[in-house]
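This report concerns only the one structure given below.
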């Protein structure tokens with residue numbers, strides 16, 4: 001099978017913790033294959049700075065904002081006739097971030113249950129992606145990449161918070177069955193600056209897509 005096939009529409013999601021390289025891989029694959037890229041609403045997010053300063057006060061607001069934006073994006077992707085690659089999936093919102101905020105006491109039971117109910121009602125109407133790519137990174141790699149990209153509001157993210165998210169990702173990935181899943185160990189890869197690493201990632205994706213035909 002030629003990859004990517006010119007006769008097939010692809011919908012691929014790139015999942016992973018904060019600083020795992022999702023946006024960079026999304027951008028690289030978009031440029032390589034001409035896929036339309038959808039990026040997580042971060043730089044224009046009106047809640048993120050407030051959230052990292054006071055998680056308990058802004059947790060519910062932030063999660064509803066992300067859910068709304070990702071639902072709109074996912075719906076647009078499914079209705080599009082073009083191949084698409086998405087930076088972070090809608091499923092990570094409830095399984096990783098909202099769940100963690102609830103468990104660490106930053107979102108109370110009322111808000112969490114309300115959010116979960118809204119999430120499942122909305123996602124019942126969505127078709128899952130053709131491939132989920134999960135970038136698996138150790139905490140040291142995440143911290144290094146967060147520091148390197150220099151977003152001011154991210155510099156105060158506690159190491160413990162990233163560790164908690166990583167644990168939830170591992171649980172979620174083990175049970176994910178909505179679509180084919182490709183796990184990429186991104187501990188030592190640098191697909192942004194090393195062509196051989198990017199080629200390696202492309203080959204992993206190609207083989208996974210061929211195996212799911």
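The sole residue among 182, 126, 142, 162 that is farther than 22 Å from residue 98 by Cα and either in contact with a helix residue (DSSP H, G or I) (Cβ under 7 Å, 6 or more places away or on another chain) or surrounded by 11 or more Cβ atoms within 10 Å (Cβ to Cβ) (or both) is 182.
Screening residue 107 against (1) surrounded by 14 or more Cβ atoms within 10 Å (Cβ to Cβ); (2) more than 12 Å from the chain's Cα centre (by Cα); (3) part of a helix (DSSP H, G or I) leaves a single unmet condition, (3). Condition (residue is farther than 17 Å from residue 67 by Cβ, in contact with a helix residue (DSSP H, G or I) (Cβ under 8 Å, 6 or more places away or on another chain) and touching a residue at least 40 places away in the same chain (Cβ under 8 Å)) applied to the range 105-114: is it met by at least one residue? The answer is yes, given that some residue of the range 105-114 is farther than 17 Å from residue 67 by Cβ, in contact with a helix residue (DSSP H, G or I) (Cβ under 8 Å, 6 or more places away or on another chain) and touching a residue at least 40 places away in the same chain (Cβ under 8 Å).
Test residue 70 against the stated conditions and say whether it is on the phi > 0 side of the Ramachandran plot, touching a helix residue (DSSP H, G or I) at 6+ places or on another chain (Cβ under 8 Å) and crowded, with 20+ Cβ neighbours inside 10 Å.
no
Checked against the criterion of being in contact with a helix residue (DSSP H, G or I) (Cβ under 7 Å, 6 or more places away or on another chain), free of Cβ contacts under 8 Å to residues at least 60 places away in the same chain, surrounded by 14 or more Cβ atoms within 10 Å (Cβ to Cβ) and farther than 18 Å from residue 158 by Cα, the range 74-90 has at least one qualifying residue. Residue 17 satisfies every condition listed in (1) farther than 16 Å from residue 84 by Cβ; (2) at pLDDT 90 or above; (3) surrounded by fewer than 17 Cβ atoms within 10 Å (Cβ to Cβ) except (3).
Quick one: in the range 32-67, which of the residues that are closer than 27 Å to residue 180 by Cβ and over 19 Å from the mean Cα position of the chain (by Cα) is surrounded by the most Cβ atoms within 10 Å (Cβ to Cβ)? Ranking the candidates gives 33 first.
The values are calculated or read from the model by the stated rules, or taken from the named source; none is laboratory data. Just so we're clear, the structure is a prediction, and the values are computed from it rather than from any experiment. Because the Cβ atoms are built from the backbone with ideal geometry, glycine has one as well, and the counts that use them run over all protein chains shown.
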